[in-house]
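The values are calculated or read from the model by the stated rules, or taken from the named source; none is laboratory data. For clarity, every value in this text was computed on a predicted model and none was experimentally measured. As a convention, Cβ positions derive from the backbone with ideal geometry for all residues, glycine included, and neighbour counts pool all protein chains shown.
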Amino acid sequence: MNLRYLCLSMIIVIFAASNADARHHQSRAYNEAQAGRFDYYLLSLSWAPIYCLTHADDGSECVGKGYGFVVHGLWPQYDGGGYPENCSTQFELSAVAAAKGRSLYPSEHLMQHEWQSHGTCSGLDARTYFDTVDRAASAVKIPTALEAPRTDRSLTAAEIVDLFHSANPQIPDHALTVACSRNNMSEVRVCLTKELSVRSCGRGVRTSCPAVSIRVPASR
């Protein structure tokens, strides 16, 4: 066997092994995305004024609504990182469930998206899932300073976390993160058990803001 043939054979073996490994990971990820199979929830509270800076014509959330934090979603998560989405489910978004969802989310589109992408992976029917979203949001008290400020503020992510800790002394360390869009606060995220007790977040859930002060735009 000449050297050229030997090298070519080794390349083919390595390529085949890599493809098999990739298929294994894809299969595992697919198998994990099953309704009800997750470790904890991530409650995302979106800062509406940031969204409204680029979607001022969205009458459902902006145009003088005066919102501060709004419910973005309640997302099943894996402790090891990542999350399931768009799971197969026997449950449909019934009219009764949709009516409940509309009372929680700032827009019809967001409500439908959240059910399809995340609610289907909860293992719950749509009405029970939205009831769970409602209870999750009620479990976190918004700090008075961030309820609906009339003027822009400048705070560090650590100061925002401290405000939430002061308003919610039961929140443990590493259970709350702040997300930013450039130098603007865009979301606060809280990790919850399936029973909706506050808990530390899993791998990959962390604050994504710069260490300097960030802008918190006033309610619109």
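Against the test of being buried (at least 16 other Cβ atoms within 10 Å of the Cβ) and over 27 Å from residue 82 (Cα atoms), the options 212, 178, 188, 216 yield a single qualifying residue, 216. Determine if region 146-158 includes at least one residue that is surrounded by fewer than 16 Cβ atoms within 10 Å (Cβ to Cβ) and in a helix (DSSP H, G or I). Yes, that holds for at least one residue. Of all residues assigned to region 86-94, none qualifies as being under 27 Å from residue 198 (Cβ atoms) and among the charged types (D, E, K, R). Residues that are modelled with pLDDT of 95 or more, more than 20 Å from residue 210 (Cα to Cα) and polar (S, T, N, Q) within region 161-178 comprise 166, 168, listed in sequence order.
Which members of region 191-220 meet the condition of being touching a Phe, Trp or Tyr at 6+ places or on another chain (Cβ under 8 Å) and not in a loop (DSSP other than H, G, I, E, B)? Residues satisfying the conditions are 191, 192, 216. Taking first residues from region 160-189 that are under 18 Å from residue 52 (Cα atoms) and partners that are surrounded by 18 or more Cβ atoms within 10 Å (Cβ to Cβ) and of a type in the set (Lys, Arg), the Cβ contacts under 7 Å between residues at least 6 apart in sequence or on separate chains come to 179/189.
Residue 81 falls short of the stated requirement of being among the small types (Gly, Ala, Ser), part of a helix (DSSP H, G or I), out of contact with any Ser or Thr (no Cβ under 9 Å at 6 or more places or on another chain) and modelled with pLDDT of 95 or more. The sole residue among 51, 67 that is of a type in the set (Phe, Trp, Tyr), assigned to a loop (DSSP other than H, G, I, E, B) and at pLDDT below 95 is 67.
Against the list (1) over 21 Å from residue 81 (Cα atoms); (2) surrounded by fewer than 17 Cβ atoms within 10 Å (Cβ to Cβ); (3) in contact with a strand residue (DSSP E or B) (Cβ under 6 Å, 6 or more places away or on another chain), the condition residue 193 fails is (1).
With the requirement that a residue be part of a helix (DSSP H, G or I), surrounded by fewer than 20 Cβ atoms within 10 Å (Cβ to Cβ) and in contact with a Gly (Cβ under 9 Å, 6 or more places away or on another chain), what does region 86-109 give you?
If the condition is that a residue be part of a helix (DSSP H, G or I), surrounded by fewer than 20 Cβ atoms within 10 Å (Cβ to Cβ) and in contact with a Gly (Cβ under 9 Å, 6 or more places away or on another chain), then 108 is the only one that fits.
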